[in-house]
Amino acid sequence: VRLTDQQRQFLEAVQKACTDLVPDEAARRTLTADDTLLNAQSAFDLLASRDLLGVSLPVEDGGLGRTFTEECLLLEETSRKGVPIMAYSTALTAAQSYLKWGDRAQRQTIVESIRSGHQESVTFTEPGAGSDLAAAITAARPDGDDWVIDGRKTWISFAHIASHLLVLARTSSEGTRHEGLSLFMVPASTPGVRVEPIHTMGAHMVNDVYFSEVRVPSSSVVGELGQAWGHLARGLAVERVIIAAMCAGASARALDQLTRHVKSRVQFGAPLSKKQAVRHRIADLATEIAVLRAYVYDLAARIDDGLEDTLNTEASMAKLKGSEVFKHTALECVQLMGGYGYGSEFGMEQQLRTAVATTIYGGANEVQREIIGRGLGL
Ligand SMILES: Cc1cc2nc3c(=O)[nH]c(=O)nc-3n(C[C@H](O)[C@H](O)[C@H](O)COP(=O)(O)OP(=O)(O)OC[C@H]3O[C@@H](n4cnc5c(N)ncnc54)[C@H](O)[C@@H]3O)c2cc1C
């Protein structure tokens, strides 16, 4: 990846922070409480204190105003080193809607929150509205100068640690089902909001969120009332590139660990790395990751050129490829590490479980294929 001097300096600062936070595997395991935590507030605090969060968010709203390329460098590098700040990517995703459609006060609140190491949530999915988000029935009704929200959301990443929830709610039942949806910025501490963890095959990430007579002022509406569908259609490209950048870093992390393992693990009188069959599989993985990275940074450069609204198809390709590369890499690493891949102590099985989720969230990969198909005119 070709970087400017400024971007290279930024990357060095990120690498230094990663090394300070995670000097070795033992430190990483302590920070993540043995892979049971995806986020450590101390990691957010250190990155915030070094001005390394809110990288691509605009200066006028309180962000660092750097390039999206640098944002991807941060996402990739922290994933590669296993720095537990997974909620950062969710917060960045939430920020895209606020930045595009929010008013100045909303933008500044969210950017300040992210830059200082706090979390933000995207609160869209419902029990009856997953891939088919337009089926959402969580409703907001006007009451005086306020809106009152009732309903239930599910699979909401990091709602348990978020400062605000960006809630998709139905404000009108007239028109098509894509009409009458609106976005709200709801402080997570608002009375009537209840967050309950969902147990999964991975660490605690997702939650059910219940809204019972949740009253918010009219200034909480993000963007135009009833226009959420159109608002969301834009901005999703960035989310998918964010996921792809993380997947590139996470895949590289698994491969780094596998490479160390096969060099030191002796069977049949020689390290496993001396077996051609093993080497070739690792060469294939390294090649896949290199191609993924090149694509991520190509898209990042185009986002930096202001072309994000033209990247719908490509961003879906990046998300699809990134998550499939990550899942395949993690599965191969488990296999090639044998019992040491399967055992929890060595951390690879945890990476496989993390990888599986990336093929589902941010839009299931089958839905990404549909978007790509449409982009191809099919
Ligand atoms: C770990 C995790 C984190 C998440 N974080 C968030 C979050 O922060 N905020 C949020 O709002 N949501 C979040 N989600 C929800 C996520 O976006 C949905 O799970 C996803 O969109 C799929 O919806 P669903 O689970 O209801 O599956 P369904 O819509 O029921 O789909 C099930 C499966 O059917 C297939 N399928 C669905 N539609 C099609 C189609 N049109 N063509 C072909 N195949 C299809 C796919 O294989 C899909 O995986 C998260 C989910 C997970 C697992």
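The values are calculated or read from the model by the stated rules, or taken from the named source; none is laboratory data. Keep in mind that this is a model prediction, so the values were computed, not measured. Virtual Cβ from ideal backbone geometry, glycine too; neighbours counted across all protein chains shown.
Restricting the search to the range 21-39, which residues are in a loop (DSSP other than H, G, I, E, B), touching a residue at least 12 places away in the same chain (Cβ under 8 Å) and surrounded by fewer than 19 Cβ atoms within 10 Å (Cβ to Cβ)? Before the answer, list the steps.
Step one: filter the range 21-39 for residues in a loop (DSSP other than H, G, I, E, B), giving 22-24, 32-38.
From the residues that got through so far, the ones that are touching a residue at least 12 places away in the same chain (Cβ under 8 Å) too are 22, 32, 35-38.
Hits for the range 21-39 are THR36, LEU37, LEU38.
So if I check each of LEU232, LEU166, which one is in a helix (DSSP H, G or I) and in contact (Cβ under 8 Å) with a residue 60 or more places away in the chain? Let's see the steps before the verdict.
Numbers: LEU166 fails: in a helix (DSSP H, G or I).
Residue meeting the stated conditions: LEU232.
Touching a helix residue (DSSP H, G or I) at 6+ places or on another chain (Cβ under 8 Å), loosely packed, with under 15 Cβ neighbours inside 10 Å and of a type in the set (Ser, Thr, Tyr): does that describe SER251? I'd like the intermediate steps shown before the answer.
Numbers: touching a helix residue (DSSP H, G or I) at 6+ places or on another chain (Cβ under 8 Å): yes; loosely packed, with under 15 Cβ neighbours inside 10 Å: no; of a type in the set (Ser, Thr, Tyr): yes.
Against the criterion (touching a helix residue (DSSP H, G or I) at 6+ places or on another chain (Cβ under 8 Å), loosely packed, with under 15 Cβ neighbours inside 10 Å and of a type in the set (Ser, Thr, Tyr)), SER251 does not qualify.
Tell me yes or no: at least one residue of the range 344-366 is in contact with a helix residue (DSSP H, G or I) (Cβ under 6 Å, 6 or more places away or on another chain), within 15 Å of the ligand (Cβ to nearest atom) and over 30 Å from ALA27 (Cβ atoms).
Yes, some residue in the range 344-366 is in contact with a helix residue (DSSP H, G or I) (Cβ under 6 Å, 6 or more places away or on another chain), within 15 Å of the ligand (Cβ to nearest atom) and over 30 Å from ALA27 (Cβ atoms).
With the structure loaded, tell me whether LEU181 is within 12 Å of the ligand (Cβ to nearest atom) and under 17 Å from ALA139 (Cα atoms) or whether it fails that test. Walk me through it before giving the result.
Values: within 12 Å of the ligand (Cβ to nearest atom): no; under 17 Å from ALA139 (Cα atoms): yes.
So LEU181 does not fit the description; no.
Is it true that THR313 is more than 15 Å from the ligand (Cβ to nearest atom), surrounded by fewer than 19 Cβ atoms within 10 Å (Cβ to Cβ) and within 21 Å of the chain's Cα centre (by Cα)? Walk me through how you get there before you give the answer.
Values: more than 15 Å from the ligand (Cβ to nearest atom): yes; surrounded by fewer than 19 Cβ atoms within 10 Å (Cβ to Cβ): yes; within 21 Å of the chain's Cα centre (by Cα): yes.
Judged against the criteria, THR313 is a match.
Which residue out of ILE282, ILE372, ILE303 is closer than 30 Å to VAL122 by Cα, of a type outside the set (S, T, N, Q) and more than 16 Å from the ligand (Cβ to nearest atom)? Don't jump to the end; show me each part of the working.
Numbers: ILE282 fails: closer than 30 Å to VAL122 by Cα; ILE372 fails: more than 16 Å from the ligand (Cβ to nearest atom).
ILE303 is the lone residue from the list that is closer than 30 Å to VAL122 by Cα, of a type outside the set (S, T, N, Q) and more than 16 Å from the ligand (Cβ to nearest atom).
Scan the range 184-202 for residues that are more than 13 Å from the ligand (Cβ to nearest atom), assigned to a strand (DSSP E or B) and either modelled with pLDDT under 95 or not basic (Lys, Arg) (or both) and report the count.
6
Can you find even one residue in the range 47-60 that is in contact (Cβ under 8 Å) with a residue 60 or more places away in the chain, more than 16 Å from the ligand (Cβ to nearest atom) and among the basic types (Lys, Arg)?
no
Of everything in the range 338-349 that's within 18 Å of CYS247 (Cα to Cα) and modelled with pLDDT of 95 or more, which residue is surrounded by the fewest Cβ atoms within 10 Å (Cβ to Cβ)? Step through it out loud before you land on a result.
So in the range 338-349, the residues within 18 Å of CYS247 (Cα to Cα) come out as 347-349.
Now restrict to residues that are modelled with pLDDT of 95 or more: 348-349.
Values: MET348: 24, GLU349: 19.
Looking at the filtered set, the residue picked out is GLU349.
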